[in-house]
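Trainee: Quick one: structure below, then a few questions.
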Amino acid sequence: MSQELDGRDAGISARATMALAVATVLLLGASVGRAEMDAPANDPPVAESSASAPLPTDEWDDVRADYDPWEPFNERMFSFNHDVLDRFVMKPAATGWDRVLPDPAQRCLSRAFDNLEMPRRLVNNVLQLRPRAAGGELVRFLVNTTAGVAGLFDVAKMMHLEKSDADMGQTLGIYGIGPGPYLCLPFLRPLTVRDGIGRGFDGLLDPFGYFIPFIAGTAMGVVNTVNERSLNLELFANVEESVLDLYSAVRNGYLQRRQRSIERRLAERARPAPVVASANGSGT
């Protein structure tokens, strides 16, 4: 019993230490990147895009240095993740997984993993001052965990209870923290410095990580990753065949998607509260 508790405590300590170490490294990197980006330049300043429309594709090349000052390093890491890790490990594993597990079963498994991420969405909706979205996440979890058989089926969606996309990177962006430089790291999805720090804190917000042994939690993460790659085999293949510069396409798509998600949340907060009509027809 004591050995089991010691192992669990060690897993929690390792999780916290890893998250804090990643956050520290990213913060230091952000300081270096910001210093480089703030250095004087002869080029005229680039106007910021409006909140109502995404930045045009041709303008992304003009402001690339602002978002990707570490491009040489990022390209090497992206090449490792795509040309080595995905090609020789993830894609073969996902292909084999796809042959063993039918698509309906894969989608059920994906929904179950997504159901376990409710605490992250709940906490960030609270931090974003979105009580209705936070309450919706709690109801979704209760419905899908019970009627949806541990989240295998999205019964809440049938009740028009949609999940949110709230995470800590989005929360930091809503409170005015800039994205920082774009960053590619081995074994990780693309991110920015802000989103990397956010992912570290999101990991600490996961209560299941404090009850599940570290090795078991890591195994669950691997299964989830392979399952998601298997569900997107055709999509990945189509993108790889249709895009000439895959690195730029992934970077620009990620940055635009993250910016739009923050703009949507800010627009929701700026939207005036609905006017409630009184009995005599006048607004209150």
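Trainee: Return the only residue of Phe187, Phe208, Phe153 being crowded, with 17+ Cβ neighbours inside 10 Å, aromatic (Phe, Trp, Tyr) and farther than 25 Å from Ile262 by Cα.
Mentor: It is Phe153.
Trainee: Picking from Arg189, Arg199, which residue would you name as being farther than 20 Å from Met118 by Cβ, among the basic types (Lys, Arg) and under 13 Å from the mean Cα position of the chain (by Cα)?
Mentor: Answer to the check: Arg189.
Trainee: Give me a count of the residues in the stretch 190-205 that are closer than 16 Å to Gln256 by Cβ and basic (Lys, Arg).
Mentor: 1
Trainee: Turning to a different aspect of this structure: Can you tell me which of Val239, Val226, Val222, Val250 is touching a Pro at 6+ places or on another chain (Cβ under 8 Å) and either part of a helix (DSSP H, G or I) or under 30 Å from Val126 (Cβ atoms) (or both)?
Mentor: Val250
The numbers here are math on the coordinates, done by the rules we state, and not lab data. Just so it is clear, the model here is predicted, and its values are computed rather than measured. FYI the Cβ positions are ideal-geometry reconstructions off the backbone, even for glycines, and counts take in every protein chain you see.
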